[in-house]
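S.K.: For reference, the structure I am asking about is given below.
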Amino acid sequence: MNKEKLHSIIEKEQPNICQIFIYKDNNEIYSDEWNNYKKNDCTHVMSVTKSIVSLLIGIALDKGLINSIDDKVMDYFPDYKVKRGEKTIYDVTIKHLLTMKAPYKCKGDPWTKVCTSKDWTLTSLDFLGGRKGITNEFRYQTVCSHILTGLLKKVSDMSSVDFANKYLFEPIGVKKHISYVAKTIEEHKDFTINKKPKGNVWFCDPQDVGTAGYGLCFSAEDMAKIGLLCLNKGNFNGNQIVSSEWIDEISKPKCTTGDKFRNMLYSYLWWIINDKKNIYAAIGNSGNVIYVDSGNNLVVSVTSYFKPTVFDRIDFIEEIIKPFVLKSEL
C-alpha cells in the first residue's frame with residue numbers, strides 16, 4: 001500500500017480525520033491532510049488536553065511547585081470554604097484527580113453549573129467529595145478536572161497558557177498559544193463542535209485558567225512533538241523538558257476503567273494501550289490521538305473534526321496505519 005492508497009482508505013473509512021503526522025526513529029516520515037485542512041491548521045483535540053495537563057503537572061513537580069501528587073488537594077486551596085458537613089474533600093489527593101479516582105457529588109459532568117460560574121475551579125471544588133468517602137472507583141470526569149489547572153495557576157502564579165508556553169510548548173517547537181474565553185453559551189458550544197480549523201488557542205474560564213479536560217487546539221504536527229517528547233523520556237533535542245521519571249509514571253497502568261471504556265488501562269490522564277509493549281496514548285473525543293509505541297520507536301498523531309462516538313481510532317492506527325508505516329519504505 002502506498003501513500004495515495006492510504007489517503008483514499010482514510011477518506012472513505014475515517015472521514016472526519018483532518019491530519020496525520022508520524023515520527024519513526026525520531027524522524028518525520030509521514031504527514032497528510034484531509035477535509036481541506038492544511039498542515040499547520042489546528043483542531044480542538046478534546047480530551048487529549050487532559051494528557052497535556054498531566055505533563056504540565058509533571059513539570060510543576062520537577063520545579064518543586066508541587067511537593068508530591070500524594071499531597072491533599074485542599075493543601076493548595078487554604079482559602080476555599082468547604083461546604084458544611086463535607087469531610088471527604090480533605091482526603092482527596094492530586095493523585096486521585098490524575099487517575100480519575102476522585103469522588104464527586106454529581107452524576108456525570110456538571111457542565112451548566114461549572115461553566116456558567118465566574119470561577120470554574122471553585123465551583124468544581126464544590127462538587128469534590130461526598131458521603132461515600134474515598135472509594136477509589138474510576139469516575140471519568142471532564143469539567144471538574146479543572147481543579148488541576150486551577151491548582152497549577154495557584155502554585156505558578158501564571159496563567160495556564162503562559163505556563164504551558166514557557167515550559168512545554170515553545171521549548172519543543174509548538175507555536176505559542178493564546179487564551180480563548182467564550183462570552184456566551186453559544187460561543188462555548190460552537191468552539192466545541194465547529195468543524196472548521198482553529199488557531200493556537202486554549203479554551204479558558206473567566207479567571208484565565210485553561211480547561212483541563214478539553215479545550216486545547218493543536219495540529220497533528222504539534223501533537224506528534226508531544227508524543228516525541230514522551231517517546232524520548234521527556235527529552236527534546238537534548239533538553240530535558242519533563243523528568244524521565246514522570247514519563248515512566250504516565251506510561252504505567254494505575255487502574256482498569258471498566259466496560260464503558262472497553263476495560264482499558266489508565267494512568268495519570270494517559271491511556272495504556274499495551275502495558276507489556278509500553279504503548280500508550282492521549283485520546284480525545286472524535287478520534288483525536290497521540291499514539292506512542294516505545295518498542296517500535298514510533299509516534300502517530302491524528303487530528304479530527306467533531307464527530308461523537310468515534311471509538312475505533314486506536315484500532316485503526318494499529319490495524320491500518322502502523323502496519324503501513326512498519327512495512328513500507330517511507
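The values are calculated or read from the model by the stated rules, or taken from the named source; none is laboratory data. Quick caveat: nothing in here was measured; it's all calculated off a predicted structure. Backbone-built Cβ (ideal geometry, glycine too); neighbour counts: all protein chains shown.
S.K.: Keeping to region 247-290, report how many residues are small (Gly, Ala, Ser) and farther than 20 Å from Lys322 by Cα. I'd like the intermediate steps shown before the answer.
M.R.: Taking region 247-290 and keeping what is small (Gly, Ala, Ser), we get 251, 258, 267, 281-282, 284, 286-287.
Next, only the ones that are farther than 20 Å from Lys322 by Cα stay: 258, 267.
Residues meeting the conditions: 2.
S.K.: Restricting the search to region 234-248, which residues are closer than 14 Å to Ile52 by Cα and either without any contact (Cβ under 8 Å) to a residue 24 or more places away in the chain or touching a Ser or Thr at 6+ places or on another chain (Cβ under 7 Å) (or both)? Break it down stepwise before answering.
M.R.: Taking region 234-248 first, the residues closer than 14 Å to Ile52 by Cα are 234, 241-242, 246-247.
Across region 234-248, the qualifying residue is only Gly234.
S.K.: Here is a list: Asp126, Asp109, Asp91. Which entry is of a type in the set (Asp, Glu), within 22 Å of the chain's Cα centre (by Cα) and not assigned by TED's automatic domain parsing to the domain that holds Thr211?
M.R.: It is Asp109.
S.K.: From the list Lys50, Lys3, Lys38, which one is touching a helix residue (DSSP H, G or I) at 6+ places or on another chain (Cβ under 7 Å), in contact (Cβ under 8 Å) with a residue 24 or more places away in the chain and of a type outside the set (Asp, Glu)?
M.R.: Exactly one of Lys50, Lys3, Lys38 is touching a helix residue (DSSP H, G or I) at 6+ places or on another chain (Cβ under 7 Å), in contact (Cβ under 8 Å) with a residue 24 or more places away in the chain and of a type outside the set (Asp, Glu), namely Lys50.
S.K.: Would you mind finding the one in Ser51, Ser68 that is small (Gly, Ala, Ser) and either assigned by TED's automatic domain parsing to the domain that holds Met223 or surrounded by 18 or more Cβ atoms within 10 Å (Cβ to Cβ) (or both)?
M.R.: Ser51
S.K.: Among Lys101, Lys132, Lys113, which is within 27 Å of Met264 (Cα to Cα) and surrounded by fewer than 17 Cβ atoms within 10 Å (Cβ to Cβ)?
M.R.: Lys132
S.K.: Pairs only if they're at least six apart or on different chains, beta carbon under 6 angstrom, first in region 153-165 and under 19 Å from Lys225 (Cα atoms), second surrounded by fewer than 20 Cβ atoms within 10 Å (Cβ to Cβ) and among the small types (Gly, Ala, Ser); list them, first residue then second.
M.R.: The qualifying pairs are Val161/Ser179; Phe163/Ser156.
S.K.: While we're looking at this one, here's another question. For the structure I just gave you, tell me whether Asp71 is modelled with pLDDT of 95 or more and in contact with a His (Cβ under 7 Å, 6 or more places away or on another chain). Don't jump to the end; show me each part of the working.
M.R.: Values: modelled with pLDDT of 95 or more: yes; in contact with a His (Cβ under 7 Å, 6 or more places away or on another chain): no.
When the stated conditions are applied, Asp71 does not pass them.
S.K.: Further question on the same structure: Out of region 306-330, which residues are under 28 Å from Gln141 (Cβ atoms) and surrounded by fewer than 22 Cβ atoms within 10 Å (Cβ to Cβ)?
M.R.: Phe306, Lys307, Pro308, Thr309, Val310, Phe311, Asp312, Ile314, Asp315, Phe316, Glu318
S.K.: Is it true that some residue in region 78-92 is buried (at least 18 other Cβ atoms within 10 Å of the Cβ) and among the aromatic types (Phe, Trp, Tyr)?
M.R.: no
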